[in-house]
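Data first, discussion second: the structure below is written as structure tokens.
The values are calculated or read from the model by the stated rules, or taken from the named source; none is laboratory data. Since we're looking at a predicted model, the values are computed, not measured. With ideal geometry, Cβ positions are generated from the backbone for all residues, glycine too; neighbour counts draw on all protein chains shown.
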Amino acid sequence: MFGSFQQSTLRLEVRASHQSLTQALTHPEKMQQWLAPIRLSPGLPEFLQPGLTYHSWVGPITIQHDVEAVDSYYLRLLLSRGVDGFHEWYWGDGWVQSRLEGVSLLPLNLAQSTSLLRLCQFLAALNP
């Protein structure tokens, strides 16, 4: 894989319940709403499950996501193609944390910060 090793962990306070965060992070239909303009594979199930593989596209770059673990407070995705590494999510009432490590030509910290900002905006619209 070309690129450099990058790692970043961000934790934010959000005005959202544990339930809202669980839905936003584990239900592909909700994920697609806050991840736009990133596109997800069509035809995904109602919620992410261990063993599921899906793809996302950032312009012409494809990233493969293999769901390694998911429960009501945690999600771990193994990444390949455009990013070789992993993405972990942790959450609870009023907070969310994203940990991203991988080798890529993409600026992962910028992508992570942007996606967390979109998630916070999405949650704020749900919980005015």
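Tabulated data
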item	result
Test for Q6: is it under 13 Å from the mean Cα position of the chain (by Cα), farther than 29 Å from N127 by Cβ and part of a strand (DSSP E or B)	no
Where T53 falls short, out of the listed (1) crowded, with 16+ Cβ neighbours inside 10 Å; (2) among the hydroxyl-bearing types (S, T, Y); (3) over 16 Å from A125 (Cα atoms)	(1)
Residue list for region 45-64, filter: out of contact with any Leu (no Cβ under 6 Å at 6 or more places or on another chain), aromatic (F, W, Y) and farther than 16 Å from A111 by Cα	F47
Candidate set: region 69-128, residues that are more than 14 Å from R11 (Cβ to Cβ) and among the basic types (K, R); chosen: the one surrounded by the fewest Cβ atoms within 10 Å (Cβ to Cβ)	R81
The lone exception for D66 - which of (1) outside any helix (DSSP H, G or I); (2) of a type outside the set (A, V, I, L, M, F, W, C); (3) touching a residue at least 24 places away in the same chain (Cβ under 8 Å) it fails	(3)
Total residues in region 22-44, condition in contact with a helix residue (DSSP H, G or I) (Cβ under 7 Å, 6 or more places away or on another chain) and more than 24 Å from P107 (Cα to Cα)	3
The listed residue being modelled with pLDDT under 95 and not in a helix (DSSP H, G or I), out of R15, R76, R99	R15
